[in-house]
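Quick notes on the structure that follows.
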Amino acid sequence: MTDVESPSYVPGHGLLEGRTAVVTAAAGAGIGGATARRLLEEGARVLISDAHVRRLKEYEAELAGEFGTAPVSAVPCDVTDEAQVRALFDTAVREHGRLDVVVNNAGLGGTAELVDMTDDQWSRVLDVTLNGTFRCTRAALRLMRDTGGGVIVNNASVVGWRAQAGQAHYAAAKAGVMALTRCAAVEAAAYGVRVNAVAPSLALHPHLVKVTTPELLTELTAREAYGRHAEPWEVANVIVFLASGYSSYMTGEVVSVSSRHP
């Protein structure tokens, strides 16, 4: 294993100039927030959403301070609520005229051994992570079908391929996101819509640190080829690639952002 320092941040190249994007679970820290920032750097208009209203508004203000108010807006959304999902996508079209890119980042983790896992623990993780991705994908496809194209990028996980103790609910949900991505891609091709997914391993951010033990983080980091965790913006870079014209012939793919593809 090689211990490699994190690389320098890569500047934007205007890959999504003039596009309108929606990113779920994008209230600051983590992959969603990094993706929203990266989309803005690439020239997109971005509507961020999250179920945590205070953090969402704070991040909206932060991004608006950097990029101006015109390309940034925020709509609270709980992806387990169909009415809120519809309102989110309707707002994107109303404010920006169209919908070009959707990044389904919302997900919920947790650790519980299967023998002790409650129905509520199982159902809650699947409802946010898998059902939420389904609801947002369905809403996006209904709009993109009528406008003649677009891109959807789902956030899966290497745990959807690889077993990890205490993660049966999360792994099942992320494997479901992978299957949903492939099936949606086949159907969406007729509308000119591409659907792909990223499967990160360990992208460290403050929230993850709060809910994960130092021992587990050390163990997961040791499994990585570079001997370090990914920066959230490194995953966002791959999402931007999948959202851009550089991946114009890719659909139904799950791209591992790590060395841990099975």
| field | Under 5 Å, built H, 5+ apart or other chain: amide partners of Thr20 | value | Arg45, Asp100, Val101
| Antiparallel bridges, percent of DSSP beta bridges restricted to region 42-169 (to nearest 5) | 0 percent
| Accessible area, 1.4 Å probe, largest first: how do Trp233, Trp161 sort? | Trp161, Trp233
| Choice from Val125, Val53, Val153 with maximal GNM fluctuation in the chain (Cα, 10 Å cutoff) | Val53
| Sorting His169, His13, His96 by accessible area (1.4 Å probe), largest first, what list results? | His13, His96, His169
| Using only helices, what value at 222 nm comes out for the chain when you add -39,500 (n - 2.57) per DSSP H run of length 4 or more and divide by the total residues, to the nearest 500 deg cm²/dmol? | -13500 deg cm²/dmol
| note | Per residue, the convex hull enclosing the Cα atoms of region 217-262 spans a volume in Å³ of 87 Å³
| Quick one: what does P(r) look like for region 49-206 with 5 Å bins over all Cα pairs, in whole %? | 2, 9, 16, 18, 20, 16, 11, 6, 2, 0, 0
| Asp50 accessible area, assembled protein chains, probe 1.4 Å, Å² | 20 Å²
| Which whole-number value in Å² is the accessible area per residue of the chain, probe 1.4 Å? | 45 Å²
| query | Rounded if a/c is under 1.5, else prolate if a/b beats b/c, else oblate: with a ≥ b ≥ c from the C-alpha gyration tensor eigenvalues square-rooted, which is region 1-121? | reply | oblate
| query | What list of ³J(HN,Hα) couplings, whole Hz, do you get for region 6-16 from phi and the Karplus terms 6.51, -1.76, 1.60, once you set θ to phi - 60° and write x for glycine and proline? | reply | 4, x, 6, 5, 8, x, x, 10, x, 5, 10
| request: Provide the per-residue ³J(HN,Hα) series for region 172-187, in order, calculated from phi with Karplus coefficients 6.51, -1.76, 1.60 and θ = phi - 60°, each as a whole number of Hz, with x at glycine and proline positions. | output: 4, 5, 6, 5, x, 4, 4, 5, 4, 4, 5, 5, 4, 4, 4, 6
| query | In whole Å, what three semi-axes, largest first, describe the equivalent ellipsoid of region 121-188 built from its Cα gyration tensor (square root of 5 times each eigenvalue)? | reply | 26, 12, 7
| task | Could you list the trypsin sites (Lys or Arg not before Pro) in region 17-116 that lie in coil according to DSSP, counting only those with at most 14 other Cβ atoms within 10 Å of their Cβ? | result | none
| Hey, what do the phi angles of region 151-166 turn into as Karplus ³J(HN,Hα) couplings, whole Hz, using 6.51/-1.76/1.60 and θ = phi - 60°, x for Gly and Pro? | 9, 10, 10, 9, 9, 9, 6, 5, 5, x, 9, 10, 6, 8, 4, x
| field | Kirkwood Rh and Cα Rg combined as Rg/Rh, region 81-160 | value | 1.08
| task | Starting from the amide H of Val195, placed 1.01 Å from N in the peptide plane, find each other amide H under 5 Å away whose residue is 5 or more places distant or on another chain. | result | Ile152, Gly252
| Can you give the three extents of the C-alpha atoms in region 25-71 along their principal axes, from longest to shortest, in whole Å? | 26, 19, 13
| field | Helix axis angle, 31-41 relative to the chain longest principal axis, alpha carbon, degrees | value | 40 degrees
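The values are calculated or read from the model by the stated rules, or taken from the named source; none is laboratory data. Note that the structure is predicted; figures quoted are calculated from it, not measured. Neighbour counts run over all protein chains shown; Cβ positions are idealised from the backbone, glycine included. With ligands, DNA and RNA removed, areas are computed over all heavy atoms of the protein, side chains included. Shrake-Rupley method; radii C 1.70, N 1.55, O 1.52, S 1.80 Å.
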